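Written out below as structure tokens is the structure these notes cover.
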Amino acid sequence: MNTGNKSRESASSLRKKAEEKLAEKSALHTTLFDEGETMKLIHELEVHQVELEMQNEELRIATDIAVSASEKYTMLYDFAPVGYFTLDQSGVIREVNLTGALILGKDRESLTGQKLKDFISPDTSEVFSEFYIKLLETGIKQTCYSRLTFRDKPSIYCHFEGIIAENDNCLVAVIDVTEQKRAEQILKESEARLKELNATKDKFFSIIAHDLRGPFTAIIGFASLLREKIKSEDYKEAGKYAEFIQDSSSRAMSLLMNLLDWARLQTGKIKFNPENLRLSEIIDGVTVMLKDSAQQKSITIYKKISGDIPLVADKAMISNVILNIVSNAIKFTNPGGNVEISSFNDQNELTVIITDNGVGINKNKIEKLFVIEGNQSTRGTLNEEGTGLGLILCKEFISRHGGKIWAESEPGKGSSFFFTIPQPK
């Protein structure tokens, strides 16, 4: 209670002293300055006050501009479509923008202190190392393409561009160009496909201009001779010419059927229709069709099939494959030779082998047997003609089944053709 009273007395005394001191100052000012000087001094103070207020306003505006510019820079830096990395001389990340962190799939805090090279795929690591070493050695802007790899998502292909900053740090910009590379790959594949289609077109024109002209020229020529022989009643010669006409017509028909099948394959008009079949029945049907051509050369066709082998396949396609291969075997086997058809099952896959003891094929030609660009027709042992399309059709048909087709041969010792057909479990 006494303490409170003392405090109030002390405050009252302090105020009284202050008022006395202020009165003294006022009296002093009155004696030092006249009224005109006082007004002038007040005016100067007011001017300085306005000046200070204007300077404060300018400072406030400048501060607002600086803050706004800083925010814009931060937004541009963080949300740019390019990843920006500040690396030290050893390649350690010192600073990274938001886009860069998103590219690496990490938060910025965890990336600080890590090496950017640790995210580079091993297959392009050497390229990135050369890029960074050259950047440090020359101080000149460098670029490269490398792949970034991750544990939990697919790798991406990126373009890297680096420069040296004033503090000797390296500033590296990273752009994801995965889609661009994918588009380039699609373009390359399209170009390759276009070349293939052009080669197919050229092959068609070659076949139409050359191979079809031969049979039809023979048909027209022998038909004219046949007419003359009939007029002169020379029926023995007429019968011979009729056989020539029949052979030429058969070749022309076979060629036209291959051309038709090829064209239908390219336009997707041949439907794939797998069904339950018996391999033995298909082979029997093919050997009946080729019986006459085999007999003309005294060639024996052996069917070495163990049991009644079932298979799931498109009957028309598989029959066409076996027909083309066996027909070629007869064509390139000398009179009195043999053609053997065998098969075996292995891990849900049926393999069919057609072997002959004919003239064989050179190694450099085997690779071109199933490719239309380098394919050429070759005459048989009795000068039989062909188109070169048969084996290409075989490859297309086997591919539709998800299988493979290939050949093994040695000149003078015959050839073996293999094809596989995957089977359901």
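The values are calculated or read from the model by the stated rules, or taken from the named source; none is laboratory data. Worth saying up front: this structure is predicted, and the values here are computed from it rather than measured. Don't worry about glycine lacking a Cβ; one is built from the backbone with ideal geometry, like all the others, and counts go over all protein chains shown. Calculation scope for accessible area: heavy atoms of the full protein, side chains included, ligands and nucleic acids excluded. Shrake-Rupley method; radii C 1.70, N 1.55, O 1.52, S 1.80 Å.
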Under a point spin-label approximation (7 Å from Cα along Cα-to-Cβ), what is the GLN295-THR63 distance to one decimal in nm? 11.2
Would you mind classifying segment 273-317 by shape? Square roots of the alpha carbon gyration tensor eigenvalues, ordered a ≥ b ≥ c; an a/c under 1.5 is rounded, otherwise it is prolate if a/b is larger than b/c and oblate if not. oblate
How long is the gain from ALA80 to ASN198 if the chain were fully straight, where each residue apart is worth 0.36 nm and the alpha carbon distance is subtracted? 38.0 nm
When a/c reaches 1.5 or more, the comparison of a/b and b/c decides; with that in mind, is segment 241-339 rounded, prolate or oblate per its Cα gyration tensor? oblate
Segment 97-160, dipole about Cα centre (Lys/Arg Cβ +1, Asp/Glu Cβ -1), debye to the nearest 20: 120
Rounded to the nearest 0.05, what FRET efficiency do LEU260 and ASN167 have when you use their Cβ-Cβ distance and R0 = 60 Å? 0.20
For the pairs LYS188/LYS363; LYS269/LYS395; LYS315/LYS365; LYS201/LYS413; LYS240/LYS365; LYS236/LYS297, note any where the Cα-Cα span goes beyond 25 Å. LYS188/LYS363; LYS315/LYS365; LYS201/LYS413; LYS240/LYS365
Counting Lys +1, Arg +1, Asp -1, Glu -1, what net charge surrounds CYS158 among other residues with beta carbon under 12 Å of its beta carbon? -1
A chain fully extended from GLN423 to GLU189 at 0.36 nm per residue, minus the present Cα-Cα distance, gains in nm 81.2 nm
For segment 304-353, with only Lys/Arg (+1) and Asp/Glu (-1) charged at the beta-carbon, what is the dipole magnitude about the Cα centre, in debye rounded to 20? 240
Local electrostatic count, TYR241, Cβ distance below 13 Å [Lys/Arg +1, Asp/Glu -1]: 0
Given a 1.4 Å probe, the accessible area of segment 222-309 per residue, as a whole number of Å², is 66
Taking 0.36 nm per residue of separation between ALA316 and ASN348 and subtracting their Cα-Cα distance, the length gained on full extension comes to 9.4 nm
Would you mind computing, in nm to one decimal, how far apart the modelled labels at ALA223 and LYS115 are, each placed 7 Å from Cα along Cα→Cβ? 8.1
